[in-house]
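Asks: Would you mind keeping the following structure in view while I ask a few things?
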Amino acid sequence: MRKLAVAAFFCLYALQAGAQPAAQPLRLRATVQSVDATSMTVKERSGEVLQLALDDKLTVSEVLPIELSALKAGAYVGTAAMPRPDGTLEAIEVLVFPESARGTGEGHRPWDLQPGSTMTNATVADLAAAPQGRRLTLTYKDGAKTLIVPEGVPVVTFKPADRSLLVPGAKVIVTAELRDGRPTALRVLAGRDGFAPPL
């Protein structure tokens, strides 16, 4: 089982290698199958089943939905989006960071939520109603992007949680790396009661 888990981990790592530097940990979107004091078994969205060791300093955060009204001028957000022909971005989801996390991952880069998707972590400089939903101007250190947030796009935030959130059936996003030949979870974003983090 361990050999299969490591092989599956390497396959998933190889799939992401073109999207991020080799030194970067792997991001897994998965459903928890089982968990104990030192390990967690998950089923990744590709269908691969992986057994992960849990880092001693594992951090767990709960991702939860919030109202669209949380998108205000001055908010610091992260948005997975698809580029549009006119050069704007169309949001797939929007994460409103807690104030304590302002500045996290600032910038614009490729993302692996969908083929061709991007991630922009930036400050909302301006927003207005638009026929498609809301139109946001996002500014970051090296530039700016215009983001269209259609009606119905999930808007979420996160807060500190603990391992009690990691139960069978929980939808999670796991940041993991290979340590001493074993996939190890470093950080987990989890939804409660079946909620799937849309990131």
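The values are calculated or read from the model by the stated rules, or taken from the named source; none is laboratory data. Computed from a predicted model, the values in this text were never measured in an experiment. Note: ideal-geometry Cβ built from the backbone for every residue, glycine included; neighbour counts use all protein chains shown.
Asks: Under 8 Å between Cβ atoms, at least 6 apart or on separate chains: pull out the pairs that start in segment 38-50 with a residue that is of a type in the set (D, E, K, R) and end on any residue that is surrounded by fewer than 14 Cβ atoms within 10 Å (Cβ to Cβ).
Replies: Within 8 Å, the pairs are GLU48/CYS11.
Asks: If you don't mind, another one. How many residues does segment 170-180 hold that are within 18 Å of the chain's Cα centre (by Cα) and not in a loop (DSSP other than H, G, I, E, B)?
Replies: 7
Asks: I've got another one for you. With the requirement that a residue be closer than 13 Å to PRO198 by Cβ and at pLDDT below 95, what does segment 112-122 give you?
Replies: Hits for segment 112-122 are LEU113, GLN114.
Asks: Follow-up. Among the residues of segment 174-195, how many are closer than 15 Å to SER164 by Cα and surrounded by fewer than 16 Cβ atoms within 10 Å (Cβ to Cβ)?
Replies: Here the count works out to 3.
Asks: I need the full set of residues from segment 154-169 which are over 15 Å from the mean Cα position of the chain (by Cα) and either polar (S, T, N, Q) or part of a loop (DSSP other than H, G, I, E, B) (or both), in order please.
Replies: Hits for segment 154-169 are ASP162, SER164, LEU166, VAL167, PRO168, GLY169.
Asks: Okay, next question. Which of the residues belonging to segment 144-172 are closer than 18 Å to VAL77 by Cβ, of a type in the set (Gly, Ala, Ser) and at pLDDT 95 or above?
Replies: ALA144, the sole residue that qualifies.
Asks: Taking segment 112-126, which residues are in contact (Cβ under 8 Å) with a residue 40 or more places away in the chain and out of contact with any Lys or Arg (no Cβ under 6 Å at 6 or more places or on another chain)?
Replies: Answer for segment 112-126, where residues must be in contact (Cβ under 8 Å) with a residue 40 or more places away in the chain and out of contact with any Lys or Arg (no Cβ under 6 Å at 6 or more places or on another chain): ASP112, LEU113, ASN121, ALA122, THR123, VAL124, ALA125, ASP126.
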